[in-house]
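Structure record follows, encoded as structure tokens.
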Amino acid sequence: MSTVLVTGGAGFIGSHMVDALLARGDTVFVIDDASTGSRTNLAHHMGHRRLHLDVAPVQSSTRLRAWSEAADAIIHLAAAVGVRRVMEGHIQAIQTNLHTTEAVLEAAAPRRTPVFVASSSEVYGAADTVPFREEQALQVGSPTVGRWSYACSKALCEFLAQAYALERGVPVVIGRLFNTTGPRQTGAYGMVLPTFVAQALRGDPITVYGDGQQTRCFADVRQVVDAVLQLMASPDAQGEIFNIGSHVEITIQGLAERIRALTQSTSPLVQVPYEVAYRPGFEDMRRRVPDLAKLCRTIAYNPQHDLDAIIQAVINDQRHPARGPVT
Ligand code: UDP
């Protein structure tokens, strides 16, 4: 049993992390500004004697220092989420990513509290050769394309974490999270899978951006959470960067068709040009596939994720939003 601080613990991934930590008997501190997360995600734990919540931005939380020093580990998930939200406010996205990470690492330094830093597959930017490996040179896209500012901010967070490890002795593990999905994820910030499920359930057109031939690999949030916890328990993971996700690739058109079939929806699939969906000059990643060899060498991890089961869980959640731990 230990004590863990989760930043962003009221968010989609964070709330599943809190489920897992409370279930294994830990005491959990959560700092979350409720910007994209929500108390609703933790409603089933409210009043739990081992859960302590501070609703505040991480960098201005009055609890950050004390909780970081009391914790055996920090899982830093607080970040700007969703391509749509990032496209709507670059300053906010860049500042959120940098300021929260800096504050967490600074708070971890006095007692050298181990930190998991959530990075993103976005750091691979415009790279076009899959699968992406952790050691490869990063080639974020053109500096004139706003989307890539998110990649740069996340890459800088990685460098900052490694610098704190080297210069201040903070044990860090960096995880590049690929498309992660499951119950409680909302389409409000642009995430494709809950968006398509909601459209299909309403009978609205399913909005496939571009030609729909871009690919992604979708991972079950509960497997991702388990991987993070295993990494934090593994001495071999310290100071390292890991891809975390699924390597089962599907086109976005294929995803739309699968969701329409599983919901038995009659929604039409419509193609929406990127410049209409986002803004002129928007650049997407054509393919995004992680190399998971390093992760599988380090922890017990099954890189196969059952996409139909994940979609079904999201359908069930949207039909009957049960906020409790999802079994
Ligand atoms: N997408 C789509 N329709 C939507 C939302 C997203 O076709 O309503 C596409 C998006 O352009 C991208 C993919 O789905 O190619 C995944 O988008 P998401 O924002 O979920 O994650 P990303 O992988 O881009 O970070």
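Residue by residue through the range 18-35, which ³J(HN,Hα) values in whole Hz follow from phi under the Karplus form 6.51 cos²θ - 1.76 cosθ + 1.60 (θ = phi - 60°), with glycine and proline marked x?
Running phi through 6.51 cos²θ - 1.76 cosθ + 1.60 with θ = phi - 60° gives 4, 3, 5, 5, 5, 5, 8, x, 6, 8, 10, 9, 10, 10, 8, 8, 6, 7 Hz.
Report the rotationally averaged projected area of the chain based on its alpha-carbon convex hull, in square nanometres.
Values: hull surface 60.9 nm².
Directional mean of the projected Cα hull area for the chain stands at 15.2 nm².
State the percent of C-alpha pairs, over all pairs in the range 1-136, separated by a distance greater than 18 angstrom. Intermediate values should be presented prior to the final figure.
Values: 5042 of 9180 pairs.
Pairs farther apart than 18 Å: 55 percent.
For labels at residue 272 and residue 62 in the simple 7 Å Cα→Cβ model, what's the distance in nm?
The modelled label-to-label distance comes out at 4.3 nm.
If you line up the long axis of helix 252-263 against the longest principal axis of the chain, both from Cα atoms, how many degrees apart are they, to the nearest 10?
80 degrees
Take the chain, connect every pair of alpha-carbon atoms lying under 10 Å apart with a spring to form a Gaussian network, then pick out the residue of 100, 113, 266 with the largest mean-square fluctuation.
With Cα springs under 10 Å in the chain, the top fluctuation among 100, 113, 266 is at 266.
For n ≥ 4 DSSP H runs only, could you compute -39500 (n - 2.57) per run for the chain, divide by its residues and tell me the 222 nm figure to the nearest 500? Walk me through the intermediate numbers first.
Working: 11 runs with 124 residues, N = 327.
Helices in the chain give a 222 nm mean residue ellipticity of -11500 deg cm²/dmol.
What are the extents of the Cα atoms of the range 221-280 along their three principal axes, in Å, largest first?
Computed over the range 221-280, the largest-to-smallest principal extents equal 50, 34, 15 Å.
Coordinate-derived values only; no laboratory data. Everything numeric in this text was worked out from a predicted model, so none of it was measured. Reconstructed Cβ throughout: ideal geometry from the backbone, glycine too, with neighbour counts over all protein chains shown.
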